[in-house]
Amino acid sequence: MTNPAIDSPVRLGDAVLRRAQPGDETGILACIQALADYEREPDAVENTADLLADTLFGPSPSVFAHVVEKGGEIVGIAIWFLNYSTWTGRNGIWLEDLYVHEGERKHGYGKALLTHLAALCVDRGYTRLEWCVLDWNEPSIGFYRSLGATSQDEWTTFRLAGDALAAAARPTRP
C-alpha cells in the first residue's frame with residue numbers, strides 16, 4: 001500500500017518541494033532552458049509551456065515533475081517518467097532532468113528532489129532510480145556519488161533522432 005504522505009508538500013526552510021501543478025509550466029521551462037545552457041546546448045530546447053501543460057497535466061500524463069518553489073518562483077525541478085526492468089519485473093523511475101538554479105544551490109534542494117524520488121521508488125515498490133550525466137559534469141558526478149549512486153560505465157547510450165530517426169522508420173525490403 002502506498003503512503004499518501006509521499007505526495008504531500010515538503011518544507012525546505014523557506015522553500016517547498018511539491019508535485020508540479022498547472023501554472024508551473026513557465027518556471028519549469030525556465031529551468032529546462034537553464035539546464036540546456038549549462039550543458040552547452042542553449043539552442044536545443046524546442047519545448048514550450050503549452051507542450052509542458054499537455055505532457056504533465058493532459059488527460060493521460062506519462063511524464064511527471066516535482067518542483068522546489070521559493071518565494072513564488074520555481075527554483076528547482078525533477079522531471080521523470082516510469083521505466084521498466086525486464087530483469088526485476090518492476091517499474092523504476094527515469095530521471096530526465098534534475099536542475100536547481102545556480103543561485104539556489106547549496107541549500108539541499110537537489111538532494112531533496114533526489115531523495116524524494118528515491119522515497120517514491122521505495123514506497124511504490126520500484127526497483128531503480130536512474131539518470132544520465134555528462135562525462136564532463138564533475139560537480140554533479142561528485143554529488144551523485146556522495147548519495148551512493150554508482151555509474152553504469154559498461155553501458156553506452158544510443159539515440160535515434162532527426163533525419164536518422166526518419167530514415168530508420170522507413171520500411172525496408174529484404
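Values in this text are rule-based calculations from the coordinates and carry no lab data. These figures come from a predicted structure and were not determined experimentally. All Cβ positions, glycine included, derive from the backbone under ideal geometry; neighbour counts span all protein chains shown.
General observations
- Fewest neighbouring Cβ atoms within 10 Å first, the residues Cys121, Cys132, Cys31 line up as Cys132, Cys121, Cys31.
- Which of Gln152, Ala119, Ser62, positive extreme of dipole for region 4-169 (C-beta unit charges): Ala119
- Using only side-chain charges placed at the Cβ, +1 for Lys and Arg and -1 for Asp and Glu, the dipole size of region 35-122 relative to its Cα centre rounds to 620 debye.
- For the chain, the residue among Phe81, Ala166, Gly92 whose Cα projects farthest onto the positive side of the dipole built from Cβ charges is Gly92.
- Of all DSSP beta bridges confined to the chain, the antiparallel ones make up roughly 95%.
- For region 4-169, a simple Cβ point-charge model (Lys and Arg +1, Asp and Glu -1, everything else neutral) yields a dipole of about 800 debye relative to the Cα centre.
- In region 1-92, trypsin sites (Lys or Arg not before Pro) in a DSSP loop with at most 15 other beta-carbon atoms within 10 Å: Arg40
- Shown here for region 116-170: trypsin sites (Lys or Arg not before Pro) in loop regions (DSSP other than H, G, I, E, B) with at most 10 other Cβ atoms within 10 Å, namely Arg159.
- Each Cα pair under 8 Å and six or more residues apart adds its sequence gap; the mean of these over the residue count of the chain is a relative contact order of 18 percent.
- Phi-derived couplings, Karplus 6.51 cos²θ - 1.76 cosθ + 1.60 at θ = phi - 60°, listed residue by residue for region 82-87: 7, 10, 9, 9, 5, 6 Hz, with x used for Gly and Pro.
- J(HN,Hα) series, region 88-103, from Karplus relation 6.51 cos²θ - 1.76 cosθ + 1.60, nearest Hz, glycine and proline x: 8, x, 9, 6, x, 10, 9, 8, 7, 9, 10, 8, 10, 3, 3, x
- Each of Leu17, Ile6, Tyr38 was scored by the projection of its Cα onto the charge dipole of region 4-169, and the greatest displacement toward the positive side belongs to Ile6; charges sit on the C-beta of Lys, Arg, Asp and Glu.
- 20 Å reach of a label modelled at Asn47, 7 Å along Cα-to-Cβ, counting backbone N of region 61-78: 61-70, 72-78
- Extension gain, Tyr84 to Phe158: 0.36 nm times the residue separation minus the Cα-Cα distance gives 24.9 nm.
- Between the entries [x] 27, 21, 19; [y] 62, 23, 10; [z] 27, 17, 14, the label attached to semi-axes √(5λ) of the Cα gyration tensor in Å calculated for this structure is [x].
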